[in-house]
Amino acid sequence: MPTKHLSILEVKAHIELVSYNSNSAKIQRRCYKLKALILAAGKGTRLKPLTDTLPKHLIPVANKPIIFYAMEQIHEAGIDDIGIVVSTESGPEIKKVVSDGFRWNARVTYVLQSEPLGLAHAVMAAREFLADSSFLLFLGDNLFRDRVKNIVDEFNTCSPDALVVLKEVADPRAFGVAEVNTLGKVQCVVEKPKEPKSNLALAGVYVFTAGVHEAISKLKPSRRGEYEITDAIQKLIEQGKDVHCHTLKGWWLDAGKKEDLLKANRVLLEEVTGPAIYGDVDFKSSISGNIEIGSGTKIVNSTLSGPVSIAENCHIIDSRIGPYTSLGPGTIITDAFVENSIIMAGAHITSIPHIVDSIIGRNVEVVLKAARVEKSEIFAGDYARIEL
Ligand code: DAU
């Protein structure tokens, strides 16, 4: 390894960790301060046409862009040096919204991945940003109930070469899958196996020491043509490196498809502790359950059944909203019923008897043309006009 001369700033950035060896004798270790890397490139093909104009990571769930949840978790874990891997398509929008990370007291460095050639390829693209630091790798479309802070604390306490996060799932074939021995050590990891040897899926958070870069440099593309982080972890295991696991207790969601987004919206709306009402609700309206209403919003002759989140400057007239529905800023809904749906900023919905299980992009207009439509399930990208 080349000798690294540390600047005063870098030296200050080091943190002292006290850990114990197997004989419980106290040893002092100096560790580089942990960085975080959020992966937010990729094409989001399973969410087209929505992702043609809005990166997957900016789709709002419970009225907050998905990537904000990652930023909050990382901030809570005490990491303030964050890299975000973007693509040429996702970069400009993500930079506009996340900016320099000031709102999370963080410093954000953007890294461009020229092509979505896999998670390990994205880490390779961020090599200069990561330098020789240990780092938390966070898949930007993943959401976690458990606190990532606990995972980071576990890594700092145990000092393994890598730590993977696992969750028991009914069907693990769509994920990386781990086999763990009776001592809780990871024995083997395989990406999307046809015949999984366990039901332990790799969830989208990992912590690595800088040793992972050498493993990544030896990778070959997988069957699906990607440089898989799972294969890099398998290489670490084969080299006899210490790969720990942390099993999640709470929910974990990978917001890759429409159903996943609606589920994430439901689960996160459940956590609304409301009511938090900053807008106006007239005397003919009724509200029940947990409700958030942003400032400048007017609710007129309508029924809101929580959990519901309505952002700022919306107009809801003669309508029924909820449960499990979020409405973005500036939404106008007149004479309609919307349930279990994500409606994004500036959408206009008029005279629709029942919109359910829907995701409606920014500034979409939905109007009734036919005499009778009972139930409508809509998945519409930005600026669409839908006549039912
Ligand atoms: O969600 C957990 C799963 O994530 C793990 O169980 C798998 O082992 C892991 O490979 C990964 O599988 P996916 O197929 O779900 O990964 P996906 O292509 O959805 O990408 C995950 C995130 O990484 C997403 O935010 C986009 C970003 N990404 C993806 C690729 C392929 C990049 O930034 N660059 C890329 O090249």
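The values are calculated or read from the model by the stated rules, or taken from the named source; none is laboratory data. Given the structure is predicted, the values throughout are model-derived calculations rather than measurements. Note that each Cβ is placed from the backbone with ideal geometry, even for glycine, and that neighbours are counted across all protein chains shown.
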Among strands (runs of 3 or more DSSP E) entirely inside the range 274-352, those with 2 or more residues being over 26 Å from the mean Cα position of the chain (by Cα) and of a type in the set (A, V, I, L, M, F, W, C) are 298-300, 315-317, 332-334
Discussion item. Condition first: within 16 Å of the chain's Cα centre (by Cα) and within 11 Å of the ligand (Cβ to nearest atom). Can you find one or more residues in the range 96-103 that meet it?
Written reply: no
Within the range 232-289, of all residues that are over 17 Å from A162 (Cβ atoms) and of a type in the set (S, T, N, Q), the one surrounded by the fewest Cβ atoms within 10 Å (Cβ to Cβ) is T273
S295 meets each of (1) hydroxyl-bearing (S, T, Y); (2) touching a helix residue (DSSP H, G or I) at 6+ places or on another chain (Cβ under 6 Å); (3) farther than 14 Å from A62 by Cβ with one exception, condition (2)
Review point. Quick check, is V267 over 24 Å from H121 (Cβ atoms) and either part of a helix (DSSP H, G or I) or polar (S, T, N, Q) (or both)?
Key: yes
Out of (1) at pLDDT 95 or above; (2) within 14 Å of the ligand (Cβ to nearest atom), the one A174 does not meet is (1)
Pairing a residue in the range 49-70 that is over 16 Å from K257 (Cβ atoms) and assigned to a helix (DSSP H, G or I) with any residue that is more than 12 Å from the ligand (Cβ to nearest atom) and among the hydroxyl-bearing types (S, T, Y), where Cβ atoms lie under 8 Å and the two sit 6 or more apart in sequence or on different chains, gives T53/Y383
Considering residues that are within 14 Å of the ligand (Cβ to nearest atom) and either surrounded by fewer than 19 Cβ atoms within 10 Å (Cβ to Cβ) or assigned to a helix (DSSP H, G or I) (or both), the number found within the range 180-192 is 2
Picking from S114, S134, S90, the residue that is under 28 Å from I216 (Cα atoms), in contact (Cβ under 8 Å) with a residue 12 or more places away in the chain and more than 14 Å from the ligand (Cβ to nearest atom) would be S134
